[in-house]
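Colleague: First, the structure itself, so that you have it in front of you.
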Amino acid sequence: MKNLLITGGCGFIGTNFIRYLLKDTRFRGRVINVDKLTYAGNPENLLDIEKRFKKRYRFIRADICNRKLMDSIFNEFEIDSVCHFAAETHVDRSIYSSSSFIRTNVMGTHVLLELTRKYSDRIELFHHISTDEVYGSLGEQGSFSEASPYRPNNPYSATKAASDHLVRAYHRTYGIPVTISNCSNNYGPYQFPEKFIPLMILNVLEEKPLPIYGDGKHIRDWLYVTDHCRAVWSIMNSGRIGETYTIGGGAEIQNLTLAEMICNLVDRIKGRKNKSKRLITFVKDRPGHDRRYSMDFSKIRRELGWKPSEDIESGLNKTIRWYMENMEWVNRVRKGQYRKWIRLHYSERLKQRG
C-alpha cells in the first residue's frame, strides 16, 4: 500500500484512523484523504497531521459521486488501495431526508468500485467500512455475526446494506480484492457533538437536559474508536480477501445506564456530588428505533488476534477528558465557524480543480 485513498477522512472515524495510521503504525506509504466536507467533515482535525507529514498526507476536497474528479485522483496519485469510510451516517437525519444517504452511500460507493475495477491492475485492496445496523434489531439474547441476515430498519442502515451488497457483488463478479467490516457504535475524540455520547458529555458539563429516547432501555454495543482503527488496519493487512469481519466493543449497555454512567464520571471529575442524573429527560421515541445490538467478534479475534483494549469505563474516561480539554474545538463546530475556515482555507485548491 504505497498510495492509500481514504474516503471521508475528515469525519469522526476517518480522522482517528488517519491519525492512528500515520502516528502509531509502521505504514510508510502516502495517504490521500478525500472528503466532501459535509456538516460533520472538519479538516481542522488533521491540521497537525498535514504539517507533520507534508510528503505523506494530502487532503483533497471532493465528492465521491463525482466520477470524473475521482478518476483524476485515482490516476494522478496512482491509488493502489482504498479504505472507504465516506458515508452519511446519522439515523435521525436519514429519517427526515434520505436522498443524500442514497446518493452518497450507494451511488458514491458504486463510483469507487467502478474506478477500482478500471484500475484493477494496480489496486491491492478495497476495504469497505460498514455498520451493525444493517442487521436490524436483536431480541434479548444472541449477537450479530458475519452470518447474520440483513434486516435494515431505517433509511441509513438500508443504504449501508446496499453498499455492502455492491462491494461483495463486485468481488464475486469482477474479482476485485475486497474486505468488509461491520462495526458497533463508535465513540471517542473528534465525534460530532450531536451524536449520543458527546451530546451527553457536553450537556452534563453544561448542566443541560439529557434527552433519552423512549424508555431508555435500547441497548448498544460500544466500541472505542482507536480500537476500531486497530481492527480495520489489522483486516487490511491480514484479513482474507472477500471476507467480512464484525467488530464489537464487548460493551453492551442500555442508553439510560450509559447516560447515568457519564453523569457519574463527569461529576467525579468535576468534584460534584452526583447531581447530574437529575438532568435526564425522556423524549418521544424515534421511528424504527432498533431495540438491541450486540456483535460477535470471535472471527476477527480468532483469525487476526484482535480484541478491544478499552472497556466502557476506561474509554468514557478518555473521551470525557478529551472533550473537556478541547472545548474550543467543540464551540467552533457548534457555531459552524469551521465552515468559514474551510471556505477560506481551500478556496484556491477548489479553483485549481474546478
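Colleague: Exactly one condition in (1) of a type in the set (Val, Ile, Thr); (2) outside any helix (DSSP H, G or I); (3) touching a Phe, Trp or Tyr at 6+ places or on another chain (Cβ under 6 Å) is not met by residue 281; state its number.
Modeller: Among (1) of a type in the set (Val, Ile, Thr); (2) outside any helix (DSSP H, G or I); (3) touching a Phe, Trp or Tyr at 6+ places or on another chain (Cβ under 6 Å), the lone unmet condition for residue 281 is (3).
Colleague: Which numbered condition in (1) assigned to a loop (DSSP other than H, G, I, E, B); (2) farther than 23 Å from residue 334 by Cα is the only one that residue 10 fails?
Modeller: (2)
Colleague: Looking at the stretch 298-332 only, could you name the residues that are in contact with a helix residue (DSSP H, G or I) (Cβ under 9 Å, 6 or more places away or on another chain), in a helix (DSSP H, G or I), more than 20 Å from residue 269 (Cβ to Cβ) and at pLDDT 95 or above?
Modeller: If the condition is that a residue be in contact with a helix residue (DSSP H, G or I) (Cβ under 9 Å, 6 or more places away or on another chain), in a helix (DSSP H, G or I), more than 20 Å from residue 269 (Cβ to Cβ) and at pLDDT 95 or above, then 300, 303, 304 are the ones that fit.
Colleague: Follow-up. Please give the number of the condition residue 216 fails out of (1) part of a strand (DSSP E or B); (2) surrounded by fewer than 21 Cβ atoms within 10 Å (Cβ to Cβ).
Modeller: (1)
Colleague: I'd like the residue in the stretch 284-297 that is of a type outside the set (D, E, K, R) and in a loop (DSSP other than H, G, I, E, B) and, out of all such residues, is surrounded by the fewest Cβ atoms within 10 Å (Cβ to Cβ).
Modeller: First, the residues of the stretch 284-297 that are of a type outside the set (D, E, K, R): 287-289, 293-295, 297.
Subsequent filtering for residues that are in a loop (DSSP other than H, G, I, E, B) retains 287-289, 293-294, 297.
Details: 287: 10, 288: 17, 289: 14, 293: 23, 294: 19, 297: 25.
Selected residue: 287.
Colleague: Let me ask something else. For residue 156, which of the numbered conditions (1) touching a residue at least 60 places away in the same chain (Cβ under 8 Å); (2) over 19 Å from the mean Cα position of the chain (by Cα) fails to hold?
Modeller: Of (1) touching a residue at least 60 places away in the same chain (Cβ under 8 Å); (2) over 19 Å from the mean Cα position of the chain (by Cα), only one is false for residue 156: (2).
Colleague: Pick from 228, 289: which is within 20 Å of residue 322 (Cα to Cα) and either under 24 Å from the mean Cα position of the chain (by Cα) or at pLDDT 95 or above (or both)?
Modeller: Numbers: 289 fails: within 20 Å of residue 322 (Cα to Cα).
228 is the lone residue from the list that is within 20 Å of residue 322 (Cα to Cα) and either under 24 Å from the mean Cα position of the chain (by Cα) or at pLDDT 95 or above (or both).
The values are calculated or read from the model by the stated rules, or taken from the named source; none is laboratory data. In this text, all values refer to a predicted model and were calculated from it rather than measured experimentally. Note that we place each Cβ from the backbone using ideal geometry, even for glycine, and neighbour counts take in every protein chain shown.
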